[in-house]
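What follows is calculated from the coordinates using simple rules that are stated; it is not laboratory data. Quick caveat: nothing in here was measured; it's all calculated off a predicted structure. Because the Cβ atoms are built from the backbone with ideal geometry, glycine has one as well, and the counts that use them run over all protein chains shown.
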Amino acid sequence: MTGDAPRPYTLVAELTYRCPLRCVYCSNPLDYADHRDALSTADWLRVFREAEALGVVQLNLTGGEPLIRDDLETLVEGARALDLYTNLITSGIPCTRERLTRLRACGLDNVQVSVQDVRAPESDRIAGLRSFERKLEVARLVKELGLPLTINVVLHRENLDRVAEIIALGESLHADRLELANTQYLGWALPNRRALLPTREQLDRAREVARAARERLRGSMELLFVIPDYYSEFPKACMDGWARRFIVVSPDGLALPCHAAHTLPGLSFDRVQDRSLEEIWQHSDAFNAYRGEAWMPEPCRSCDRRAADFGGCRCQAFHLTGNAAATDPVCSLAPGHGLIEAARGESSAPGPADLEYRTARSSTSA
Amino acid sequence: MPDTGSRLAAEARPRLAPKVRLRWDRKDERYMLLYPERGLVLNATAAAVVKLCTGEHTVAAIVERLAEQYAPQPPEAIEREVLTFLHAMVDRGLVRSDG
């Protein structure tokens, strides 16, 4: 997808932050319990219509666990009527054959099921819930019903050495797509970073395994390996640039340029209950705050890569340096890069660290 | 035939992979292929080929149809373009050619 003018291609609909799992790297904000479900079925359908009119062609139905919404069928039907490519991003819990059959009939295009590891004890330990075997059943059900299946596995130091087994699991489930995404250290993953960040050697080995498998599986199973930016020389193009290609709507109706933007201070976010998505996309202060290049500090401002990585991730910049307008410290040229080097150093420290599970806590006590 | 690392016989009947959907992009007036978390903008020739990837038409028939459609452009050039595109689609798992 080309062209430089901001145009949203993807709407990420976070239907609810509620979820039976308690994954230690959940990307929902730490104060997720303060953002209650506030959008009705009609609200979401209007948001889909407004998004499509703005140019959105992809809809990710996510959360939390989107299956918790009992109007999911109506939402999928509405999305399909707008010709949106609709991807259900689910933990697989709770899901039944009847529900999936109905969702398929409503026009669902793809189901993405998360699995935390290749073995039940390890997977359940990360999820904080006994769920592994049920997830595999749901994945098989997806294929049995003839729906395309994506398996998503978040990678970290505890499962990175099992990438070959994870790929074999994806193959045995006949996944159309296997997404191996290294943990992004935001949300719940940041307080758990010490337990989750792999060593460079682990990462290099896993990357090689994934590269070889991608060649072998070319044309049958799409294999995606998302490198952790902590071991990159330059930052990733977070969200393909701030307010450039994505709109995220939170369960309480906040329109956001990324799923963690509401953790940044000093920005005011509009609610889809109050303004149209078009107005928000064009005029919202938050969407315009880091759009383009005018906000960039040095070394970004004069950097040849500024149109490739857009200065990296604003949320990472804030949560690590305290300044959302700083160069993403992942960048080897960033003044704050020492913070990343220190974290990498911790990853080679021996001994397991405690895990902090996702649990309801309010922003005031966080 | 350009070597793109996969074989596609003249009698193969390509069809879109189950995860892929063709959509008219009314915003920018062009066709796009959509699949999980990705999209691919198609030029007019590519869109004409994709519309024939239904599992009914052979590669040879698709080439022939496109050559007619794009006459008087030289048929060899059309054939090269169609085959290169189809091979790339098969390699990316967006088009299946089993059968």
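The table below lists the values:
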| quantity | calculated |
| --- | --- |
| Neighbour-count order for A:Ser91, A:Ser332, A:Ser232, fewest beta carbons within 10 angstrom listed first | A:Ser332, A:Ser232, A:Ser91 |
| Where trypsin sites (Lys or Arg not before Pro) fall in DSSP loop in region B:1-98, at most 16 other Cβ within 10 Å | B:Arg7, B:Arg26, B:Lys27 |
| Cα-based reach from B:Lys51 at 19 Å (exclusive), listing lysines while leaving out same-chain residues under 8 positions away | B:Lys19 |
| Region A:128-199 versus region B:19-46: alpha-carbon centroid distance in Å | 28 Å |
| All-pairs Cα distance distribution in region A:189-249, expressed in whole percent, bin size 10 Å | 17, 33, 37, 13 |
| Vicinal HN-Hα couplings computed from phi for region B:23-37 (Karplus, 6.51 cos²θ - 1.76 cosθ + 1.60; Hz; Gly/Pro x) | 9, 7, 8, 6, 5, 10, 6, 6, 8, 9, 9, 10, 8, x, 6 |
| Backbone HN-Hα couplings from phi across region A:65-78 [Karplus 6.51/-1.76/1.60, Hz, Gly and Pro as x] | 9, x, 5, 5, 6, 7, 9, 4, 4, 4, 5, 5, 4, x |
| Sites B:Ala44 and A:Ala5 - FRET efficiency at Förster radius 25 Å, r taken between beta-carbons, to 0.05 | 0.65 |
| Rounded FRET efficiency, nearest 0.05, which uses the C-beta distance separating A:Ala294 from A:Arg194 and R0 of 30 Å | 0.25 |
| Rounded to the nearest 20 debye, dipole of region A:176-291 from Cβ charges on Lys, Arg, Asp, Glu | 460 debye |
| Selection of GluC sites (Glu not before Pro), region B:56-99, meeting DSSP coil and at most 12 other Cβ within 10 Å | B:Glu56 |
| Fully extended contour minus Cα-Cα distance, from A:Asp34 to A:Lys143, at 0.36 nm per residue | 35.6 nm |
| A:Ser268 paired with A:Arg22, simple spin-label distance in nm, labels 7 Å along Cα-to-beta-carbon | 3.8 nm |
| Nearest-20 debye value, the protein assembly as shown charge dipole, Cβ charges on Lys, Arg, Asp, Glu | 520 debye |
| Calculated FRET value between B:Ala9 and A:Glu279, using beta carbons and R₀ = 51 Å, to 0.05 | 0.45 |
| Helix-derived mean residue ellipticity, 222 nm - over chain A, DSSP H n ≥ 4, -39500 (n - 2.57), to 500 | -9500 deg cm²/dmol |
| Positive-end residue, chain A charge dipole about Cα centroid, Cβ charges, pick of A:Leu339, A:Tyr290, A:Pro6 | A:Leu339 |
| Among A:Ala349, A:Ala243, A:Ala33: highest mean-square fluctuation, GNM of chain A, C-alpha pairs under 10 Å | A:Ala349 |
| DSSP loop trypsin sites (Lys or Arg not before Pro) with at most 15 other Cβ within 10 Å excluded, longest remaining stretch of chain A | A:131-274 |
| Whether the protein assembly as shown is rounded, prolate or oblate, judged on the alpha carbon gyration tensor where a/c under 1.5 counts as rounded | rounded |
| Residue (of A:Asn152, A:Val142, A:Ala164) at the positive-pole extreme of region A:121-169, dipole from beta-carbon charges | A:Val142 |
| Computed lengthening from B:Ala88 to B:Leu22, 0.36 nm per intervening residue step minus Cα-Cα distance | 22.1 nm |
| Shape metrics for region B:1-87, restricted to C-alpha atoms - Rg then Dmax, Å | 13.2, 38 |
| Longest DSSP-loop-exposure-free segment, GluC sites (Glu not before Pro), chain A, at most 15 other Cβ within 10 Å | A:1-232 |
| Exposure proxy ranking, count of Cβ atoms within 10 Å, fewest first, for B:Asp91, A:Asp252 | B:Asp91, A:Asp252 |
